[in-house]
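Before any comments, here is the structure.
The values are calculated or read from the model by the stated rules, or taken from the named source; none is laboratory data. None of these values were measured; they are calculated from a predicted model. Don't worry about glycine lacking a Cβ; one is built from the backbone with ideal geometry, like all the others, and counts go over all protein chains shown.
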Amino acid sequence: MTAQAKASHEAAPQNRAGIEDLINESRKYYFSEVTKAWERIARLASPSAVPDEAALRWALEFASLDLSRCSEGRWSDCRYEVDYVARQGPFEPDRTHQRPTTAATWPHSPDPEECEPQLSIRHIEIERLPSKSVVREIQRDTQRFLDSVIAGEEVELTLPSSQERLTVIRGITNGEAFTRLYRFLVLSDLAVAFRHHLLGILAARGQTLRSCLGCSTRFVADRRNKEYCDPLCRNLYYMRRKRNVPPERYGKRGRPHKEAAVVDERKITRTAGDKSGRRTGANRNRLGQRIASGIMNGTISAREGALLTRQLYPKKGR
């Protein structure tokens, strides 16, 4: 055996030990990040709320997230949250360690663009998480499911090559024998499992979903007659109806561009006892300003302006 072969033979156990340590370290890091993702989802609802409400609020937040503007840190949090929901299903505080499905891998993962040439924690991490393209596809399906439920439409999901099984598990706990039955699905990948769990969340709490009349934002209603996500949206919708704002002006600031003011004499013939001016929305101060601007622009002569001013303010002796 040459010296080079002998050195490589002695270094092989050390390399294997180093790879095992790296895998163990990456496994610990993965479970710690999954635990943080579970805590973030659980904080979206109060402790006294229904368990599925936290998952539903997370689905709303995930559907409204702008992935094109997310940082790498936010991308990582989002991928861990998606991975948790796909593997564990809806959030339940008293969940056992038995998984609801047998799916263990994500489609098209890892992404070749994210792979590193050398083995590292990052390389092992992206093998367990969904790629960015898969997260974008899942977000589109989430938005479609939420909009269909809000609109009262039917949601259909096809589970390719799926099976349902019932397993009996027997064991001993504290010296006492126990028997438990577990029902789970045999699915092809975690993307299908995510969609399946999302339908379960919508079936449990989908009747509380609403679309705000003021800003069209999806939200969870805490009562049946709630139509706005915020009191500000309620006031905004009221003012839009009161002012007859057209839909093309929603979300725009300022007033639309107007041409040179042209005074209509029919709106100014208002006496002290006549209330037709109020019904037509005529305002004396505004009309006075329009008369002054018309005189300055040259659309109204000074004589016509004086005549209209005397008609507009009869009580003031003009």
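Some points to look at:
- Checking each residue in segment 108-136 for being modelled with pLDDT of 85 or more and either assigned to a loop (DSSP other than H, G, I, E, B) or exposed (fewer than 15 other Cβ atoms within 10 Å of the Cβ) (or both) picks out Leu129, Pro130, Ser131, Ser133, Arg136.
- Identity of the residue in segment 155-178, more than 22 Å from Trp58 (Cα to Cα) and of a type in the set (Asp, Glu), that ends up farthest from the chain's Cα centre (by Cα): Glu176
- For first residues located in segment 138-164 and outside the structural domain of Ser216 (by TED's automatic domain parsing) and part of a helix (DSSP H, G or I), partners that are among the hydroxyl-bearing types (Ser, Thr, Tyr) and surrounded by 15 or more Cβ atoms within 10 Å (Cβ to Cβ) and lie 6+ apart or on another chain with Cβ distances below 6 Å form the pairs Ile150/Ser211.
- Hey, Phe194 hydrophobic (A, V, I, L, M, F, W, C), in contact with a Ser or Thr (Cβ under 9 Å, 6 or more places away or on another chain) and at pLDDT 85 or above or not: yes
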